[in-house]
Each structure stands twice: as structure tokens, then as C-alpha cells.
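Below you'll find the structure, written out as C-alpha cells, and then a few comments.
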Amino acid sequence: MCTVTYIRTGKEIILTANRDEQPTRATALPPRKYRIREKNVIYPEDPVSNGSWFAVDEHGNSAIVLNGADKKHRAAPPYRKSRGLILTDLIGRPSPLGHWAAIDLRRIEPFTIILSEQNNLYQLSWNGSVKMQLEKDPQKDYIWSSPTLYDEGVRAQRMQWLDDFRLGKAVLSGDDMLYFHRNTRSADKTNGLMMNRDNHLRTLSITQARITPGMVDVYYFQVIPEETHLISMPLK
């Protein structure tokens, strides 16, 4: 997972994520409802690892994983477990944030998880040796980009793109954010949000959760082959 935005509009939370991967990777399964430790959870599944990069539970908590932590790292496989399995394990716990302190991350590749839990927002990261936890203001808007694909300058530039997109709009809707993720700097195939680096790495899908009191709607746009899916779940 490589680009994530968080938007808060009144009582609605909108999380949108572009997944950038090798096109030769097995096609992901569209989002559906799973049962994890007595909780209902919606997520798309990576058939390679059987994990996911984007998940929402029945309480409206959501977690999204990005590759890398604070800076680009050098991969050193083999790793003990996929980061996608770390994500599903975390979201399946009674309190994902509470489990963060206890989860064993030894021999796990560096990653960042954007966690929205009980109307709070956290940036959780693992750099291969140290866990980090940063609380964010849940009333502000954010964009994160994976440091494994986008350097510090590009990441700052993308923050400006979101600021520019927001100008003149009293509120941002889910449809607005899908447009932002599909069309921003579309001519720039290297660093635009719908990227395609010589068909070696490209955006394979966009997932979005719209979380309101009592309901979550998860939208899924698959690029190749082109498909759209929507699944909803009442919240407890």
C-alpha cells in the first residue's frame, strides 16, 4: 500500500488508499466480510499472503498499512510474517491500539499503519528494530505516501496537492476523494497518484471506507481488470 488519505467531515471519516504493486502479483480478492476473534471485519484479501492492506471492523475502527517506516529501507528477507497478516491480526483484536504494544514484530519488514480507533487517529510504525506511536489530530486532513516509493520531496509535494485540491471546497466528500486518488497528476506516471512505472510497479486498486455513525461503506475500484465493488456493514 502506498498512498493513503484521511478526511474528517463532521461525523463522517473517509479513508482512501491506492495500492501500488507489481502487476504480475496475483489479483486481490475484493472486499468481503470476515470473522476474526468474534469481530466482523471487512477487507480485500491478498491471495499471496492471505492478509490485507486495508480493513474496517464492526465498531468503525480502521487500519491501513503502508510499506516502510520513517525512511526507505533495504529489504532483508526472509521475513517471519507478511505485513498484511500483521494488519488483520491487529484489527481483529478488541483494541487494535492496545494490542500494538504487545504484538511481536521481530523479523517483520518495516511498515506504517494508519489506525483510526474510537474517533482517534494514530500513526504506528515499525522500522525493523523500534516501534513508534504518534497520535494525530483526528479533525485534520492527511496524506501519507510510502517512503519505499516516494522520497521526502515527493511526499511533501503530495501534501501540497491535497491542499490545492481542498481549495474552494467547503467539505470534501467520498466521491471527491475517489476523484483525487484517480486523477491527481495523471500525466505523471512516476509520482502521480495513479502511478505506472514502466509497468513494473503500478496502481492496482483504490479502496475507500466511508465511516458514519451506525454504518460503514467500503468502495473498491480494481484497475486490472477494471471492476468496482461496494460492501456495507452496520456498526455496533
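Numbers below:
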| quantity | calculated |
| --- | --- |
| Lys71 vs. criteria among the basic types (Lys, Arg), surrounded by fewer than 20 Cβ atoms within 10 Å (Cβ to Cβ) and under 25 Å from Met194 (Cβ atoms) | yes |
| Of all residues making up region 47-80, the number that are modelled with pLDDT under 95 and among the acidic types (Asp, Glu) | 1 |
| Near pairs, Cβ below 6 angstrom, 6+ apart or cross-chain, from region 134-149 (within 23 Å of Gly98 (Cβ to Cβ)) to any residue that is outside any loop (DSSP other than H, G, I, E, B) and acidic (Asp, Glu) | none |
| Output for region 64-89, where each listed residue is aliphatic (A, V, I, L, M) and over 11 Å from Phe111 (Cβ atoms) | Ala75, Ala76, Leu85 |
| Breaking point among (1) open to solvent by 30 Å² or more (accessible area, probe 1.4 Å); (2) out of contact with any Leu (no Cβ under 9 Å at 6 or more places or on another chain), for Thr27 | (2) |
| Search result, residues across region 89-139 that are of a type in the set (A, V, I, L, M), surrounded by 21 or more Cβ atoms within 10 Å (Cβ to Cβ) and not in a strand (DSSP E or B) | Leu90, Ile91 |
| The listed residue being β-branched (Val, Ile, Thr), at pLDDT 95 or above, open to solvent by less than 10 Å² (accessible area, probe 1.4 Å) and farther than 15 Å from Ile114 by Cα, out of Ile86, Ile42 | Ile42 |
| Count of region 51-67 residues which are assigned to a loop (DSSP other than H, G, I, E, B), small (Gly, Ala, Ser) and in contact (Cβ under 8 Å) with a residue 40 or more places away in the chain | 1 |
| Strands (runs of 3 or more DSSP E) completely within region 176-236 that count 2 or more residues being modelled with pLDDT of 95 or more, open to solvent by 70 Å² or more (accessible area, probe 1.4 Å) and in contact with a strand residue (DSSP E or B) (Cβ under 6 Å, 6 or more places away or on another chain) | 227-234 |
| Matching entry among Trp144, Trp161 (being more than 16 Å from Asp188 (Cα to Cα) and either at pLDDT 95 or above or open to solvent by 60 Å² or more (accessible area, probe 1.4 Å) (or both)) | Trp144 |
| Residue satisfying all of: in region 153-172; over 19 Å from the mean Cα position of the chain (by Cα) and of a type in the set (D, E, K, R); nearest to Asp70 (Cα to Cα) among these | Asp163 |
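The values are calculated or read from the model by the stated rules, or taken from the named source; none is laboratory data. Keep in mind that this is a model prediction, so the values were computed, not measured. Note: ideal-geometry Cβ built from the backbone for every residue, glycine included; neighbour counts use all protein chains shown. Only protein heavy atoms, including side chains, enter the accessible area calculation; ligands, DNA and RNA are left aside. Shrake-Rupley method; radii C 1.70, N 1.55, O 1.52, S 1.80 Å.
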